[in-house]
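Input: a single structure, listed below in structure tokens.
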Amino acid sequence: MAEPTPRATPLEAFDLHGAYAAKESELSARLGLGGQLTDHGTIVGTGTEHGWYGFLTGFLPRRYGVATGKVVDSRGHQSEQVDLIVYDAFYSPLLFVVGDATFVPAESVYAVFEVKQTLNKDHLDAAAAKAESVRRLHRTSALIPNQFGKKDLRKDLNDLPTIAGILTSGSQWSTPYYDVLRTHLEAQ
């Protein structure tokens, strides 16, 4: 006589679309909270930066850090103030912190973001200028030791351009604004 086949327990359902919608609602609420409480631009802006900071630090792997501050190079130059800097926290400890501002070595920077309430030409131009101030900095590369004491090849930083962007929760342009945005980006 054959033994009965054990019945598989049904898998628990997971609504992936609903989970992403809930995360979007959470981020939207976090970004809009300051504007619900006050019209004070600095308070609203700081709240928005903290909202994006929380989102990025919760989303990115722990190898990547997020900071507000300036990017510096080995030749003594520094960028404009950057709202959010995504950097390599593994190879580059942050030794220079002043209050809420961090000075991040150019070699460890992966991305920079300007944070604004709304997307418009002036904000886009400001974000582009800040990105350019970072991209103009000198980046060096040294041999990287691994866990076996051997030194790995240098990173070719020319193959790793710094990503830049603007993070907003709204736009002053009417939708669809693809053509308007494209025109402004091509003019940069």
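Worth a mention:
- Residues of the stretch 160-188 classified as outside any loop (DSSP other than H, G, I, E, B) and not polar (S, T, N, Q), total: 13
- Test result for residue 19, out of contact with any strand residue (DSSP E or B) (no Cβ under 6 Å at 6 or more places or on another chain), open to solvent by less than 40 Å² (accessible area, probe 1.4 Å) and part of a helix (DSSP H, G or I): yes
- When residues in the stretch 47-89 are screened for being assigned to a loop (DSSP other than H, G, I, E, B) and among the polar types (S, T, N, Q), 3 of them pass.
Conditions (1) modelled with pLDDT of 90 or more; (2) under 17 Å from residue 52 (Cβ atoms); (3) not in a helix (DSSP H, G or I), marked per residue:
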| residue | (1), (2), (3) |
| --- | --- |
| 97 | no, no, yes |
| 110 | yes, yes, yes |
| 113 | yes, yes, yes |
| 124 | yes, yes, no |
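- Single unsatisfied condition, residue 82 versus (1) open to solvent by less than 30 Å² (accessible area, probe 1.4 Å); (2) of a type in the set (Val, Ile, Thr); (3) over 17 Å from the mean Cα position of the chain (by Cα): (3)
- Yes/no for residue 92 being open to solvent by less than 30 Å² (accessible area, probe 1.4 Å) and assigned to a loop (DSSP other than H, G, I, E, B): yes
- Residue 75 meets each of the listed conditions (1) surrounded by 12 or more Cβ atoms within 10 Å (Cβ to Cβ); (2) touching a residue at least 60 places away in the same chain (Cβ under 8 Å) apart from (1).
- Inside the stretch 15-43, residues that are over 20 Å from residue 66 (Cβ atoms) and touching a helix residue (DSSP H, G or I) at 6+ places or on another chain (Cβ under 7 Å) make up a count of 3.
- First in the stretch 22-46 and open to solvent by less than 60 Å² (accessible area, probe 1.4 Å) and modelled with pLDDT under 85, second anywhere and part of a loop (DSSP other than H, G, I, E, B) and not hydroxyl-bearing (Ser, Thr, Tyr), Cβ under 8 Å, 6 or more apart: 35/117; 44/117; 45/116; 45/117
- Residues that are under 24 Å from residue 50 (Cβ atoms), surrounded by fewer than 20 Cβ atoms within 10 Å (Cβ to Cβ) and either without any contact (Cβ under 8 Å) to a residue 40 or more places away in the chain or of a type outside the set (A, V, I, L, M, F, W, C) (or both), drawn from the stretch 126-138: 126, 133
- Considering the stretch 56-71, and only residues there that are surrounded by fewer than 18 Cβ atoms within 10 Å (Cβ to Cβ), touching a residue at least 24 places away in the same chain (Cβ under 8 Å) and not hydroxyl-bearing (Ser, Thr, Tyr), the residue that is nearest to residue 31 (Cα to Cα) turns out to be 56.
- Residue match in the stretch 137-158 (condition: at pLDDT 90 or above and touching a Leu at 6+ places or on another chain (Cβ under 9 Å)): no
The values are calculated or read from the model by the stated rules, or taken from the named source; none is laboratory data. Computed from a predicted structure; not experimentally measured. FYI the Cβ positions are ideal-geometry reconstructions off the backbone, even for glycines, and counts take in every protein chain you see. All accessible areas refer to the heavy atoms of the entire protein, side chains included, with ligands and DNA or RNA removed. Shrake-Rupley method; radii C 1.70, N 1.55, O 1.52, S 1.80 Å.
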